[in-house]
Amino acid sequence: MTPQNASEVPLNPGLVFDMLQAHQRTSALKTAIELDVFRAVGEGPGDVASIARQCSASERGIRILCDFLTLNGVLVKEDGHYRHTPLSGAFLDPRSPACVASMAQFISDKAMVEVYDHLTEIVRSGRTVLPGEGSVEPDNPIWVQFAETMAPMMAPVANPLAAMVLEGRGGPVRVLDIAAGHGLFGIAVAKQNPQAQITGQDWAAVLQVAVANAGKAGVGDRYGLLPGSAFDVDYGGPYDVVLLTNFLHHFDHPTCVTLLKKVHAALRPGGCAATLEFVPNEDRVSPPMPAAFAMTMLASTASGDAYTLSEYTAMYNEAGFKTVSGHPIPMSPHTVVMGVA
């Protein structure tokens, strides 16, 4: 037998246990958000009794929950008191303007989580067990929840996207925002260009969230509505810019090409279509977050995927776009895929 190399790390099944128990981390974070633990920790003094009192919870439960969050790097514990890490202070304390805790409502929605109980069947069949087209069934109320709760994740990328599509486009600009959701992307364009006219397209109930956000942003008078299915409504036009944010990944290649052809027809010559997506590398296993998004699409849609840049380029080219380019957004898992008509 060859003696084991002293520099080799002994095999350890820890990763197996971590994956099998990963649900605990999801539940612990969601529970801490629901109980308002992060506000209590931020306000102090941070001992178990005060946090339990502020959260109307048991001391035993709070101690074990906060210890678990500490073990996972979310909180810090010193002398029996808990305090924020820089991450939890910025992104989980509701007093912070950068707080993203509201996303837990959508990401851990019961219907979207329970589907993973059927993942074996999904992998065998190659499609979601959700009815019809899965999460993109017409008027699915989950997209109202998305619009109401996911804005904190999208807000940091809205301005970079707006700057990209407005480059070289001054003066009056017509913009169609397909699957507008919360409306932040079209709103960012309107704020950067005071002559921009935005048309938000989505289901009627979802657009009410976008309208409210446009009003808060002071651009409500330049925000029009186009309710209905992106595949069925008449886009009108011509537009200078069409935004397709977090949408194409729900569908298969032919369906994406069909939609992009419709987008191309609604653009002025030289107009651009900008797709904001999770775009993995060609190996499909990096970077981690864009690559892992394929699992979300497998579980929740009939035919969606996390497409690579070469796949998006092929879609755009088939739809008639001349020039296609990818633009990763710094400090974000997202990439903007731009096509020029």
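The values are calculated or read from the model by the stated rules, or taken from the named source; none is laboratory data. Note that the structure is a prediction, hence the values are computed from the model and not measured. Heads up, the Cβs are rebuilt from the backbone with ideal geometry, glycines too, and the neighbour counts pull from every protein chain shown. Remember, those area values only see protein heavy atoms, side chains included, never the ligands or the DNA or RNA. Shrake-Rupley method; radii C 1.70, N 1.55, O 1.52, S 1.80 Å.
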Quiz item: Is one or more of the residues making up the range 153-170 under 22 Å from GLU277 (Cα atoms), in contact with a Ser or Thr (Cβ under 8 Å, 6 or more places away or on another chain) and of a type in the set (Val, Ile, Thr)?
Solution: yes
Practice problem: Can you tell me which residue within the range 19-66, out of those that are more than 21 Å from ARG95 (Cα to Cα) and in a loop (DSSP other than H, G, I, E, B), is most open to solvent (accessible area, probe 1.4 Å)? | Solution: GLN21
Quiz item: What are the residues in the range 104-115 that are open to solvent by less than 90 Å² (accessible area, probe 1.4 Å), over 20 Å from LEU69 (Cα atoms) and not in a loop (DSSP other than H, G, I, E, B), if any?
Solution: PHE106, ALA111, MET112, VAL113, GLU114, VAL115
Quiz item: So, of the residues in the range 81-103 that are open to solvent by 40 Å² or more (accessible area, probe 1.4 Å), without any contact (Cβ under 8 Å) to a residue 40 or more places away in the chain and more than 19 Å from the chain's Cα centre (by Cα), which turns out to be farthest from GLU43 (Cα to Cα)?
Solution: PRO86
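Charged (D, E, K, R) and crowded, with 17+ Cβ neighbours inside 10 Å - does that describe any residue in the range 298-305? Full working, then the answer.
Going through the range 298-305, the residues charged (D, E, K, R) turn out to be 305.
Filter once more, so that each one left must be crowded, with 17+ Cβ neighbours inside 10 Å: 305.
Scanning the range 298-305 turns up at least one residue that is charged (D, E, K, R) and crowded, with 17+ Cβ neighbours inside 10 Å.
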Quiz item: Which one of ILE142, ILE178 is open to solvent by less than 10 Å² (accessible area, probe 1.4 Å) and within 21 Å of PHE251 (Cα to Cα)?
Solution: ILE178
Quiz item: Among the residues of the range 118-135, is any of a type in the set (Lys, Arg), open to solvent by 10 Å² or more (accessible area, probe 1.4 Å), at pLDDT below 90 and at negative phi?
Solution: no
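Name the residues in the range 266-287 that are at positive phi and part of a strand (DSSP E or B), would you?
Across the range 266-287, the qualifying residue is only GLY270.
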Exercise. May I ask you to list the residues in the range 313-325 that are part of a strand (DSSP E or B) and either charged (D, E, K, R) or surrounded by 16 or more Cβ atoms within 10 Å (Cβ to Cβ) (or both)?
Key: VAL324
Practice problem: Being open to solvent by less than 50 Å² (accessible area, probe 1.4 Å) and assigned to a helix (DSSP H, G or I) is the filter; apply it to the range 231-258 and report the residue that is nearest to SER303 (Cα to Cα). | Solution: HIS250
Quiz item: Yes or no: GLY236 on the phi > 0 side of the Ramachandran plot and touching a Ser or Thr at 6+ places or on another chain (Cβ under 9 Å)?
Solution: yes
Quiz item: In the range 209-221, is there at least one residue being open to solvent by 10 Å² or more (accessible area, probe 1.4 Å), charged (D, E, K, R) and assigned to a strand (DSSP E or B)?
Solution: no
Quiz prompt | Any chance TYR307 is of a type in the set (Ser, Thr, Tyr) and assigned to a helix (DSSP H, G or I) | solution = no
Quiz item: Looking at this structure, is VAL263 over 20 Å from PHE146 (Cα atoms) and in a helix (DSSP H, G or I)?
Solution: yes
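If I ask for residues that are modelled with pLDDT of 95 or more and in a loop (DSSP other than H, G, I, E, B), which ones from the range 168-180 would you list? Give the steps one after another, and end with the answer.
Taking the range 168-180 first, the residues modelled with pLDDT of 95 or more are 172-180.
Result: PRO172, ALA179, ALA180.
Across the range 326-340, which residue is surrounded by the fewest Cβ atoms within 10 Å (Cβ to Cβ) among those that are in a strand (DSSP E or B) and of a type in the set (A, V, I, L, M)?
Taking the range 326-340 first, the residues in a strand (DSSP E or B) are 326-328, 334-340.
From the residues that got through so far, the ones that are of a type in the set (A, V, I, L, M) too are 336-338, 340.
On the way: VAL336: 22, VAL337: 24, MET338: 21, VAL340: 15.
Only one residue fits best here, namely VAL340.
Please find, within the range 259-297, the residue that is least open to solvent (accessible area, probe 1.4 Å) out of those that are acidic (Asp, Glu) and free of Cβ contacts under 8 Å to residues at least 40 places away in the same chain. Quick ask: steps written out before the conclusion?
From the range 259-297, those acidic (Asp, Glu) are 277, 282-283; that's our starting set.
Now narrow it down to the ones that are free of Cβ contacts under 8 Å to residues at least 40 places away in the same chain: 282-283.
Details: GLU282: 113, ASP283: 87 Å².
So, considering only residues that are acidic (Asp, Glu) and free of Cβ contacts under 8 Å to residues at least 40 places away in the same chain, the one least open to solvent (accessible area, probe 1.4 Å) is ASP283.
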